[in-house]
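**Student:** Dropping the structure in here first, questions after.
The values are calculated or read from the model by the stated rules, or taken from the named source; none is laboratory data. Not measured: the values here are computed from a predicted model. No Cβ is skipped: glycine too gets one built from the backbone with ideal geometry, and neighbour counts run over all protein chains shown. Areas reflect the complete protein model, heavy atoms only, side chains present, ligands, DNA and RNA absent. Shrake-Rupley method; radii C 1.70, N 1.55, O 1.52, S 1.80 Å.
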Amino acid sequence: GIGKCVAMDLARRNARTILACRSQARGQAAVEEIRVATGNPAVVLRLLDTSSLASVRAFARAVLREEPRLDVLVNNAGVTGLPFTITSEGLEETFTTNYLGPFLLTNLLLG
């Protein structure tokens, strides 16, 4: 998708690139594909589920602790067509995934 294409382009430019994915298996497969295609070993996976504000907070804490700087953030997560579902945090899942999670992530990473 669009996110993988953007990550591929950043990695081709020799950027340290963090893929934030919900699925460990699919995310690691994307990391390996990008590393092979670009020759950039600085492509890493971090787990993130933007439908969970706890996951967003944990991801942001880890990035701020582990990375000396962050130059670009691409918010690309999104879902559509899901049945109406309330998350464990009491929020509507589609709205949280598409808007609240990315909004919180951006604000936490601004420092």
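**Student:** Please find, within the range 58-106, the residue that is surrounded by the most Cβ atoms within 10 Å (Cβ to Cβ) out of those that are polar (S, T, N, Q) and closer than 21 Å to Ala7 by Cα.
**Tutor:** By that ranking, first place goes to Thr97.
**Student:** Also, I was wondering about something else. Determine, yes or no, whether Glu67 is more than 21 Å from Thr106 (Cα to Cα) and modelled with pLDDT of 95 or more.
**Tutor:** For Glu67, the condition - more than 21 Å from Thr106 (Cα to Cα) and modelled with pLDDT of 95 or more - is not met.
**Student:** In this structure, is Arg46 of a type in the set (D, E, K, R), under 16 Å from the mean Cα position of the chain (by Cα), within 21 Å of Asn75 (Cβ to Cβ) and loosely packed, with under 14 Cβ neighbours inside 10 Å?
**Tutor:** Answer is no for this residue.
**Student:** Counting only residues that are open to solvent by less than 50 Å² (accessible area, probe 1.4 Å) and among the aliphatic types (A, V, I, L, M), how many does the range 21-35 have?
**Tutor:** Count: 3.
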